[in-house]
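Asks: Below is a structure I'd like to ask you about.
What follows is calculated from the coordinates using simple rules that are stated; it is not laboratory data. Keep in mind that what you see is a predicted model, and the values were worked out from it rather than measured.
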Amino acid sequence: MAKISIIGAGTAMFSLSLIRDICLTPNLEGSTISFMDIDEGRLESAYALALRYAEESGIKLKLEKTLDRRESIRGAD
């Protein structure tokens, strides 16, 4: 499966739009989505929204979050 890194993921509406698009793309089910932002509070909020959206959509994604850009892009497609 693919790994997608979203840099600047603390912008909740941007991240939620991307997660919606990923959830609507059947070939991406099972992928890892890495959220990265330098603002921990905003990152946590965006991550929680995306996690809830994916769960309610019934789409299996592995969501992760980090403040470290290098960690986020390690292994990303």
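Asks: For K62, give me every one of the aspartates and glutamates with a C-alpha distance below 17 angstrom, ignoring sequence neighbours fewer than eight places off in its own chain.
Replies: D21, E29, E44, E71, D77
Asks: Applying the Karplus parametrisation 6.51 cos²θ - 1.76 cosθ + 1.60 with θ = phi - 60° to the phi angles of the stretch 55-70, what ³J(HN,Hα) value in whole Hz is obtained for each residue in order, glycine and proline being reported as x?
Replies: Each residue's phi maps through the Karplus curve to give 5, 5, 7, x, 9, 8, 10, 9, 9, 9, 9, 7, 9, 9, 4, 4 Hz.
Asks: Shifting gears a bit: Any chance you could list the semi-axes, whole Å, largest first, of the equivalent ellipsoid that the Cα gyration tensor gives for the chain, using √(5λ)?
Replies: Equivalent-ellipsoid dimensions as semi-axes: 18, 15, 9 Å.
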